[in-house]
Each structure stands twice: as C-alpha cells, then as structure tokens.
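First comes the structure, then the notes that go with it.
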Amino acid sequence: MIERHLAKLRARDEIDADEEAAIRGAISECRDLPADHTFIRAGEELRASTLLLDGLICRYKDLSDGQRQITELHVPGDFADLHSFTLKRLDHNIMTLTPSRVALVPHENLTAITERYPHLTRVFWFLTNLDAAIHREWVLSLGRRSAVARMAHLFCELFERLRIVGLTVGPAYSLGLTQEELAECLGITSVHANRTLQELRSRGLIEFRAGRATLLDVEGLQAVAEFDPGYLYLERRPQ
Amino acid sequence: MERFFFHLRNGMGWVRDEEGCELPDLAAARVCAIGSIRSLLKDEIDAGRIDLRGRIDITDEGGRLLGVVPFHSAVELVLEDGEP
C-alpha cells in the first residue's frame, strides 16, 4: 500500500523495518476520491496529512476571476500536505486530477513519530524541504523559462519523480492531465499549451496524448528545458 | 455548459484542438480565444517578433464552425506618434 512512498524514501535514505512499521501504523484510513475533487480548501483546520497512494493530485491557488495556478503536482508516494502538520491550515487548495487513492495520517500520529523516531522525523523534514525545492524550480520556470522550455522541464521533472517510484515504462509514463490542467501548471492557456505540445512533438522531443507521455529524445528534451535534476535530491544521503 | 474547441492557425501552421474546454456559451468561448491569443503573443514579444496574421476557429464537438477570432482583434495597436 505504501510501497511508492517507501520507494521514494529509500531512494534517498535507509528506512529500517521499525520505521516502515511506524509509517504503516500511523495511517488511520484510506479513501478513494473521484477526479477533479478539491478535498482540502485553503484555510480549513486540518488534523491529518494526506499521503497519495495512487493517482495524481495537485496544490493550487486561484484568483477571484477564476484563473488558477497549479503550484505542484503530486505523484504516488508523495505526501500532499506533510506541511499541514505544522501549519494546521493551508494557504492553498489540494485537488485530485484523476481518481485517486489516499491514506490519511493523523497529526497526532505524526507527533508520536517525532517523539519516538528521530531519524524518520529528519526524513520527513527532508520531504518538506524537497517540496520547497520543487516550488523554487517552478518559480524559475514561471518567471524565466519560455513556454516551450517550461513544458519540457515539467515533463523531465515528472519522468524523474515517477521513475524513482517505479511508474515509468522505458521512456514513457501515464499522466492523467488535460491540456487545460497542463496549462494551469505552466501559467499559459489551453490553446497555448496545445501549440507548445505540438512544437515539442514536431521537434521530435515528446509525444503526449490520451494521458500518456513518451519522451522521444530525453537528452534533447533536457537540453531545451535546461533540466538539472539536482533540485530533486535523487542521491542517497543518510540523514 | 458546452464543450468548445479552439483550433489555431498561425505562422507555425495548424494546431487542432482535440480536447476542448467546457464553457457556458459562445461569448465565454470568444473571451477564452482572446485570452489564448494574448498568451501566445506574449511569447512572441519575448522573441521580438509579433505575427498578427493568425486566427482561432471556434467549433463545437461536431466540428461546426461557430466563430473566428483573428489575432489582430485580441490586441489594440497604437503605432502613430502623438499625444498619449
């Protein structure tokens, strides 16, 4: 059930059997959520953090005219809001993009982990730092990369994040994003996203149709994106 | 809500919209098309060359043409000198 999460952690650090049991034991329940469902709203009081087991979810913020900015995508194995453990309410919403299965980890159980498992606590701290690093990279994309480079970068990022949790098949992966949602990640419109996809396809870099992304030329795509996976901290470094 | 499709023709060729967007009516679809053109033009401004000869064709699910939004209708150009 939490295999993706363990794969994500074990790509970076040693997680022993006691710690694995502590994570499993901290889960109070699992829920199946439909697609396009905002299940955490900004400002609401939270008593549990959500771990994504299967599916695709996002953090987003929006403006009064309905414009939405997706600020991070979450793949299986990610906590969507480990930061709600200390923040208690969020400054952003969290929504499913595809039907998703999530596990709830009550904050009181996270408190117990911080008291009994100092190493696992540091690993969880690393996870929130990793989210911050991803946000910084998205700021760079939204502020400075061209639409083509921004889209190329997102596909490179998702490839690495899905690869370490075993969800890539060769150079391809499932990605249940509509053109509109893709546009909301990139700060452009759906038509612009479609045009940008066509450009990447015509340059032989990527194919994205019917919820499946195929990196046709990984090195070429990384070059267009100026993708350096350093910000994903993929190396093993015991905390 | 209806599903509208936004097919783009500009200097880069023809980009067919296979997904479309759910919108309340054709007026909302035109607003969406104009926003899309402006989004595309921002990129062109960054590259230093603006081509206003493109257009967006709005169609329904069956491909019936409901409206055409030329690029030049999405922006107002002020070219002449004079008092602002």
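Summary table
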| read-out | value |
| --- | --- |
| Candidate set from the stretch B:5-43 (those that are more than 9 Å from chain A (Cβ to nearest Cβ) and assigned to a helix (DSSP H, G or I)); member that is farthest from A:Phe208 (Cα to Cα) | B:Ala27 |
| Residue within the stretch A:53-76 that is closer than 19 Å to A:Leu167 by Cβ and either in the same structural domain as A:Thr189 (by TED's automatic domain parsing) or of a type in the set (Phe, Trp, Tyr) (or both) present | no |
| Criterion violated by A:Ser202 - all others in (1) within 25 Å of A:Ile57 (Cβ to Cβ); (2) within 14 Å of chain B (Cβ to nearest Cβ); (3) surrounded by fewer than 18 Cβ atoms within 10 Å (Cβ to Cβ) satisfied | (1) |
| Test: residue in the stretch A:207-220 that is more than 21 Å from the chain's Cα centre (by Cα), on the phi < 0 side of the Ramachandran plot and part of a helix (DSSP H, G or I) | yes |
| The stretch A:32-61 residues that are of a type in the set (Val, Ile, Thr), paired with ones that are in a strand (DSSP E or B) and modelled with pLDDT of 95 or more (beta carbon under 6 Å, 6 or more apart) | A:Thr38/A:Asn93; A:Thr38/A:Met95; A:Ile40/A:Ile94; A:Thr50/A:Val102; A:Ile57/A:His74; A:Ile57/A:Thr96; A:Ile57/A:Ser100 |
| Hits in the stretch B:14-46 (condition: among the small types (Gly, Ala, Ser) and within 19 Å of B:Ala74 (Cα to Cα)) | B:Ala27, B:Ala28, B:Ala29, B:Ala33, B:Gly35, B:Ser36, B:Ser39 |
| Among the candidates A:Glu44, A:Glu20, residue that is surrounded by 16 or more Cβ atoms within 10 Å (Cβ to Cβ) and not in a strand (DSSP E or B) | A:Glu20 |
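The values are calculated or read from the model by the stated rules, or taken from the named source; none is laboratory data. Fair warning: this is a prediction, and the values are worked out from it, not measured in the lab. Because the Cβ atoms are built from the backbone with ideal geometry, glycine has one as well, and the counts that use them run over all protein chains shown.
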